[in-house]
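Visitor: This is the structure I have questions about; it appears just below.
The values are calculated or read from the model by the stated rules, or taken from the named source; none is laboratory data. All of these numbers come straight from a predicted model, not from anything done at the bench. FYI the Cβ positions are ideal-geometry reconstructions off the backbone, even for glycines, and counts take in every protein chain you see.
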Amino acid sequence: MMKIANAQQSIPLYDVVPNNKISASAETSETGADGVTRISKVSVPEMFMYQPEHPNGTAVLICPGGGYRILAISHEGHDVAKALTQWGITAFVLKYRLPDDETMLNKSIGPLQDAERAMQLIREHAGEWHINSKRVGVMGFSAGGHLAASLSTKYNQQLIENPKRTSFRPDFSVLVYPVISFADSITHMGSRDNLIGKKPSVEKIKSYSNELLVNKKTPPAFLVHARDDGGVPVANSMVYYNALLKHHVPAAIRYFDKGGHGFGMHNKKEAGEWMDDLKQWLTDRKLL
């Protein structure tokens, strides 16, 4: 198991992984010249819990990005968790399964199963972990943003066993340069291909396009996107934001003119820290 500095606890998601084929784990982890650690071929999911010195009751489940092909788990995961603990937030980095026909019976639901299970564990252990079960949010970057938005719109789709009927619905979401839509015109095609295949039906494309699934019970959201994002078009955040407003769901969006894709917490191409805006948004919502 990979050891993470300052991670107080590594938590396996399951005793028996659902939707799983018998397959030896081939997970690999590499740190590139850019300092980013990328994990591939995740078939055994877990989450890493970071506990603040003085918990304020709020928790956030963090979903790193990587096109549903890898997980950029350092700058879109562990680094973010450490920053959130400085605000009193208990943070969980989700190492979710990456879609693979060799390891899954149905690769298109594997990541969302893991996100549901993580929310289930967080809420069912809320008292033990000093968390208010009504202040549990989700945060996702890029394809992890698609997963976070999927959890925010599909929380009633019970893809795992849930004997206690624990709610999978996040109380808020933070979506950073997220893949939202699987529509041909604006999607990140790599994420779509990896999750639902290269020749999905029109119905399947619609069922994975989160802007079409928003309703009045979708959790409030804070979004971040650069207008010059060449990987995931800014239109993804725009259509989700507009859908939230249409259904009278509180939402805020921080645009950058420059920044491209994958900048994590710090956009070095433009002044101003979006994390400062997020902190104010959380404060205004009485989550800090």
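Visitor: Scan the stretch 63-79 for residues that are buried (at least 20 other Cβ atoms within 10 Å of the Cβ), at negative phi and in a loop (DSSP other than H, G, I, E, B) and jot them down.
Guide: Within the stretch 63-79, PRO64, GLY65, ILE73 qualify.
Visitor: Can you spot a residue in the stretch 70-86 that is within 26 Å of ASN267 (Cβ to Cβ) and hydroxyl-bearing (Ser, Thr, Tyr)? Steps first, answer last, please.
Guide: Initially, the stretch 70-86 is screened for residues within 26 Å of ASN267 (Cβ to Cβ), giving 70-86.
Still in the list and also hydroxyl-bearing (Ser, Thr, Tyr): 74, 85.
Yes, that holds for at least one residue.
Visitor: Please go through the stretch 192-223 and pick out each residue that is within 17 Å of VAL249 (Cα to Cα) and aliphatic (A, V, I, L, M). Walk me through how you get there before you give the answer.
Guide: Just the residues of the stretch 192-223 that are within 17 Å of VAL249 (Cα to Cα), to begin with: 210-223.
LEU212, LEU213, VAL214, ALA221, LEU223, listed by residue number.
Visitor: Okay, next question. Going residue by residue through the stretch 52-62, is there one that turns out to be closer than 17 Å to ALA118 by Cα, polar (S, T, N, Q), at pLDDT 95 or above and crowded, with 17+ Cβ neighbours inside 10 Å?
Guide: yes
Visitor: Go through the residues of the stretch 124-135 one by one and say whether even a single one is surrounded by fewer than 17 Cβ atoms within 10 Å (Cβ to Cβ), in contact (Cβ under 8 Å) with a residue 12 or more places away in the chain and part of a helix (DSSP H, G or I).
Guide: Checked against the condition, which is being surrounded by fewer than 17 Cβ atoms within 10 Å (Cβ to Cβ), in contact (Cβ under 8 Å) with a residue 12 or more places away in the chain and part of a helix (DSSP H, G or I), the stretch 124-135 yields at least one hit.
Visitor: What is the number of the single condition among (1) hydrophobic (A, V, I, L, M, F, W, C); (2) without any contact (Cβ under 8 Å) to a residue 40 or more places away in the chain; (3) buried (at least 20 other Cβ atoms within 10 Å of the Cβ) that MET238 does not meet?
Guide: Answer for MET238: the failing condition is (3).
Visitor: Would you check which residues across the stretch 28-45 are under 20 Å from the mean Cα position of the chain (by Cα) and in a loop (DSSP other than H, G, I, E, B) and list them? Spell out how you get there, then give the answer.
Guide: Our first condition is that a residue be under 20 Å from the mean Cα position of the chain (by Cα); within the stretch 28-45, this holds for 29, 36-45.
Within the stretch 28-45, VAL36, LYS41, VAL42, SER43, VAL44, PRO45 meet the criteria.
This table checks each residue for (1) under 16 Å from ASP171 (Cα atoms); (2) crowded, with 17+ Cβ neighbours inside 10 Å; (3) in contact with a strand residue (DSSP E or B) (Cβ under 9 Å, 6 or more places away or on another chain).
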| position | (1), (2), (3) |
| --- | --- |
| PHE222 | yes, yes, yes |
| ALA226 | no, yes, yes |
| VAL234 | no, yes, yes |
| LYS258 | no, no, yes |
| GLY272 | no, no, yes |
| TRP281 | yes, yes, yes |
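Visitor: Now, a different point. Could you say whether any residue in the stretch 58-66 is farther than 21 Å from TYR155 by Cβ and under 12 Å from the mean Cα position of the chain (by Cα)? First the steps, then the outcome.
Guide: Step one: filter the stretch 58-66 for residues farther than 21 Å from TYR155 by Cβ, giving 66.
Within this subset, residues satisfying the condition of being under 12 Å from the mean Cα position of the chain (by Cα) are 66.
So far as the stretch 58-66 goes, yes, one or more of its residues are farther than 21 Å from TYR155 by Cβ and under 12 Å from the mean Cα position of the chain (by Cα).
Visitor: Suppose the filter is in contact with a helix residue (DSSP H, G or I) (Cβ under 8 Å, 6 or more places away or on another chain) and outside any loop (DSSP other than H, G, I, E, B); does VAL179 pass it?
Guide: Numbers: in contact with a helix residue (DSSP H, G or I) (Cβ under 8 Å, 6 or more places away or on another chain): yes; outside any loop (DSSP other than H, G, I, E, B): no.
Taking the combined requirement at face value, the residue does not satisfy it.
Visitor: Report yes if some residue within the stretch 164-175 is outside any helix (DSSP H, G or I), modelled with pLDDT of 95 or more, within 24 Å of GLU76 (Cβ to Cβ) and among the basic types (Lys, Arg); otherwise report no. Even if it seems obvious, please write down each step before you answer.
Guide: Here is the first cut: in the stretch 164-175, the ones outside any helix (DSSP H, G or I) are 164-175.
Among the residues that remain, those that are also modelled with pLDDT of 95 or more are: 164-175.
Narrowing the set further to residues that are within 24 Å of GLU76 (Cβ to Cβ) leaves 168-175.
Okay, now just the ones that are also among the basic types (Lys, Arg), so 169.
Checked against the condition, which is being outside any helix (DSSP H, G or I), modelled with pLDDT of 95 or more, within 24 Å of GLU76 (Cβ to Cβ) and among the basic types (Lys, Arg), the stretch 164-175 yields at least one hit.
Visitor: May I pose another question? I need the full set of residues from the stretch 30-75 which are among the small types (Gly, Ala, Ser) and touching a residue at least 40 places away in the same chain (Cβ under 8 Å), in order please. First the steps, then the outcome.
Guide: The first filter runs over the stretch 30-75 and keeps only residues among the small types (Gly, Ala, Ser), leaving 32-33, 35, 40, 43, 57, 59, 65-67, 72, 74.
Selection gives GLY35, SER40, SER43, GLY57, ALA59, GLY65, GLY66, GLY67, ALA72, SER74.
Visitor: May I ask you to list the residues in the stretch 105-131 that are out of contact with any strand residue (DSSP E or B) (no Cβ under 8 Å at 6 or more places or on another chain) and either more than 23 Å from GLU203 (Cα to Cα) or charged (D, E, K, R) (or both)?
Guide: Scanning the stretch 105-131 gives LYS107, GLU116, ARG117, GLN120, GLU124, HIS125, GLY127, GLU128.
Visitor: Same structure, new question: Among helices (runs of 4 or more DSSP H) lying entirely in the stretch 182-288, which contain 2 or more residues that are within 30 Å of LEU105 (Cβ to Cβ)? Give the derivation first.
Guide: Values: elements: 189-196, 202-207, 235-246, 274-284.
Fully inside the stretch 182-288 and qualifying: 189-196, 202-207, 235-246.
Visitor: Another question, then. What about VAL202, is it of a type in the set (A, V, I, L, M, F, W, C) and either farther than 24 Å from GLN120 by Cβ or out of contact with any strand residue (DSSP E or B) (no Cβ under 8 Å at 6 or more places or on another chain) (or both)?
Guide: Yes; evaluated as a whole, the condition is true for this residue.
Visitor: So, one more: PHE48 passes all but one of (1) within 18 Å of GLY144 (Cα to Cα); (2) over 20 Å from the mean Cα position of the chain (by Cα); (3) not aliphatic (A, V, I, L, M); which number fails?
Guide: (2)
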